[in-house]
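Here is the structure we will look at.
The values are calculated or read from the model by the stated rules, or taken from the named source; none is laboratory data. Since we're looking at a predicted model, the values are computed, not measured. Positions of Cβ are backbone-derived with ideal geometry, glycine not excepted, and every protein chain shown enters the neighbour counts.
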Amino acid sequence: MRYLTAGESHGPQLTAIIEGVPSNLPISVEAINEQLARRQKGHGRGRRMQIEKDQVKILSGVRHGYTTGAPITLVVENKDWAHWQGIMSAEPVEGAEEKRRVSRPRPGHADLNGAIKYHQRDMRNILERSSARETAIRVAVGAVARQLLGAFGIRLGGQVLQINEVVAKRENVTLDELIARTEESPVRCLDKEAEQRMMAAIDKAKEDGDSLGGIVEVIVEGVPIGLGSHVQWDRKLDGRLAQAIMSIQAFKGVEIGIGFEAAGLAGSQVHDEIVWSEESGYSRKSNRAGGLEGGMTTGMPVVVRGVMKPIPTLYKPLMSVDIDSREAFSASIERSDSCAVPAASVVAEAVVAWEIANAMCEKFPSDSMDDMLENVRQYREYTEKF
Ligand SMILES: Cc1cc2nc3c(=O)[nH]c(=O)nc-3n(C[C@H](O)[C@H](O)[C@H](O)COP(=O)(O)O)c2cc1C
Ligand SMILES: C=C(O[C@@H]1CC(C(=O)O)=C[C@@H](OP(=O)(O)O)[C@H]1O)C(=O)O
């Protein structure tokens, strides 16, 4: 499968074209909208989230609730477009081009590098596309991938593990419990005490005109053994997951399993011992590898973490340079979130869902669900008996 997204933050809409989704997959618009609503929540979001009420429109590739095998077009409209029509118009509109021009690049955003690279004297032309508004349509794409995974009993959830200095205590919970409890939390965190401190830290940052980052985790259960491959660099699933997470706006690091902690431990403390039983075949005593070895799934839950840096736009801006005068000025202030880590955990789930679904489609014949369901069933039987 593959997909592309298009659309500006304050343009009329975001669009995605997905190709390669098996035919005869039931698609629920409501389930896509649920994911879109999850992404809009979270303590620390800015005023834009009160304007938008993200809803998907499916414009192709689905008929009467089922995929046909044709490319699927998804659209999420920007309600804020109403306030930006002249400024963002594709046709020239007299006097509108100069309105909301950005000439003072924000440190940490794409403004300056993009302006230089694309020969743009108005950095709005960079900001509009680099904006994480684009993650809305990626969550819609991820929601289609989730529905595909669901047909094979593969499920996933996510949580926030850290915001700024506040680290959540780890708890051993089932995936169902994780999903239910994070849904109730304004910061998508299981640890109630940490949740309160995270919210206080976000409020304080907002008051100070500052912003905060953090760490999110995604867990995928029910994945068959052997998705991805060891044979070629670009087929390694751990590498693809890392790219997917790093492609989310503001993500600066990725870990799989115990990740960076492995550097300080001996091999005997890291690798997961292999066991076999009559009922379930091969399994592991632990899952420090996060469900991936040699670029392939082990059948244990896939565990991926990502670190998000603090939001670049600051209401108390850092110093920058005006590209017209080249004099020192405070960076420009755009309406902004102060912390989007909880929202980003939903985005992380979406991009991970896509990569796992894509790996499923590569491993199994995937023109239609009919082919795929039968092949996955046979393969699971085979792996249990191996
Ligand atoms: C869900 C989400 C919301 C974001 N909201 C903002 C925001 O309101 N203001 C801002 O300056 N950056 C925001 N960002 C981050 C920027 O989009 C990102 O830092 C920028 O595109 C530069 O890319 P880079 O940080 O990956 O280098 C957000 C990121 C995510 C994932
Ligand atoms: C619109 C979204 O996030 C936006 C991401 C973003 C950025 O610079 O990345 C800047 C802000 O845009 P605006 O200035 O229009 O408020 C966020 O609101 C969204 O998540 O749907």
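Just one of 216, 173, 223, 231 is over 22 Å from residue 41 (Cβ atoms), hydrophobic (A, V, I, L, M, F, W, C) and either within 16 Å of ligand 2 (Cβ to nearest atom) or without any contact (Cβ under 8 Å) to a residue 24 or more places away in the chain (or both); which is it?
Numbers: 216 fails: over 22 Å from residue 41 (Cβ atoms); 173 fails: over 22 Å from residue 41 (Cβ atoms); 223 fails: either within 16 Å of ligand 2 (Cβ to nearest atom) or without any contact (Cβ under 8 Å) to a residue 24 or more places away in the chain (or both).
Answer to the selection: 231.
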Discussion item. Would you confirm whether or not segment 286-303 contains a residue that is more than 16 Å from ligand 2 (Cβ to nearest atom), closer than 24 Å to residue 164 by Cα and either of a type in the set (A, V, I, L, M) or surrounded by fewer than 20 Cβ atoms within 10 Å (Cβ to Cβ) (or both)?
Written reply: yes
Practice prompt. Within segment 176-191, work out how many residues are within 18 Å of residue 339 (Cα to Cα) and of a type in the set (Lys, Arg).
Written response: 1
Item to complete: Just give me the residues in segment 24-33 being part of a helix (DSSP H, G or I), in contact with a helix residue (DSSP H, G or I) (Cβ under 8 Å, 6 or more places away or on another chain) and surrounded by fewer than 21 Cβ atoms within 10 Å (Cβ to Cβ), in sequence order.
Response: 31
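Which members of segment 316-342 meet the condition of being within 16 Å of ligand 2 (Cβ to nearest atom) and surrounded by fewer than 17 Cβ atoms within 10 Å (Cβ to Cβ)? Quick ask: steps written out before the conclusion?
Let us first name the residues in segment 316-342 that are within 16 Å of ligand 2 (Cβ to nearest atom), namely 317-318, 320, 331-342.
Passing the criteria: 318, 333, 335.
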Discussion item. Looking at 219, 202 in this structure, which one is among the hydrophobic types (A, V, I, L, M, F, W, C) and either in contact with a Phe, Trp or Tyr (Cβ under 9 Å, 6 or more places away or on another chain) or more than 23 Å from residue 353 (Cα to Cα) (or both)?
Written reply: 202
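Do we have residue 322 as in contact with a Ser or Thr (Cβ under 6 Å, 6 or more places away or on another chain) and over 21 Å from residue 221 (Cα atoms) here?
yes
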Worksheet item: For segment 113-124, how many residues are within 14 Å of ligand 2 (Cβ to nearest atom) and surrounded by fewer than 22 Cβ atoms within 10 Å (Cβ to Cβ)?
Response: 1
Worksheet item: What about residue 77, is it at pLDDT 95 or above and either under 30 Å from residue 2 (Cα atoms) or crowded, with 20+ Cβ neighbours inside 10 Å (or both)?
Response: yes
Worksheet entry | Those residues of segment 247-268 which are on the phi < 0 side of the Ramachandran plot, away from ligand 2 (no atom under 16 Å from the Cβ) and within 31 Å of the chain's Cα centre (by Cα), in sequence order | 253, 254, 255, 256, 258, 260, 261, 262, 263, 264, 265
Worksheet item: Can you name the condition, by its number, that residue 292 falls short on among (1) under 19 Å from the mean Cα position of the chain (by Cα); (2) under 18 Å from residue 356 (Cα atoms)?
Response: (1)
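Residue-by-condition table, conditions (1) among the small types (Gly, Ala, Ser); (2) over 16 Å from residue 156 (Cβ atoms); (3) modelled with pLDDT of 95 or more; (4) assigned to a helix (DSSP H, G or I):
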position: 176; (1), (2), (3), (4): no, no, yes, yes
position: 190; (1), (2), (3), (4): no, no, yes, no
position: 212; (1), (2), (3), (4): no, yes, yes, no
position: 224; (1), (2), (3), (4): no, no, yes, no
position: 239; (1), (2), (3), (4): yes, yes, yes, yes
position: 275; (1), (2), (3), (4): no, yes, yes, no
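Table: residues versus (1) basic (Lys, Arg); (2) modelled with pLDDT under 95; (3) loosely packed, with under 15 Cβ neighbours inside 10 Å.
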| site | (1), (2), (3) |
| --- | --- |
| 10 | no, no, no |
| 14 | no, no, no |
| 65 | no, no, yes |
| 98 | no, yes, yes |
| 106 | yes, no, no |
| 110 | no, no, no |
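Every residue, every condition in (1) in a loop (DSSP other than H, G, I, E, B); (2) not charged (D, E, K, R), yes or no:
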| site | (1), (2) |
| --- | --- |
| 183 | no, no |
| 199 | no, yes |
| 205 | no, yes |
| 219 | no, yes |
| 231 | yes, yes |
| 234 | no, no |
Practice prompt. Determine the pairs where a residue that is within 21 Å of residue 185 (Cα to Cα), located within segment 42-57, has a partner that is within 8 Å of ligand 2 (Cβ to nearest atom) and of a type in the set (Ser, Thr, Tyr) with Cβ atoms under 6 Å apart, the partner being 6 or more residues away or on another chain.
Written response: 46/336
Practice prompt. Look through segment 1-33, keep the residues that are touching a Leu at 6+ places or on another chain (Cβ under 8 Å) and of a type in the set (Ser, Thr, Tyr), and return whichever of them is nearest to residue 214 (Cα to Cα).
Written response: 9
Worksheet item: Looking at (1) more than 16 Å from the chain's Cα centre (by Cα); (2) outside any loop (DSSP other than H, G, I, E, B); (3) hydrophobic (A, V, I, L, M, F, W, C), can you tell me which one residue 21 breaks?
Response: (2)
Worksheet entry | Odd one out for residue 279, checked against (1) of a type outside the set (S, T, N, Q); (2) part of a strand (DSSP E or B); (3) surrounded by fewer than 11 Cβ atoms within 10 Å (Cβ to Cβ) | (2)
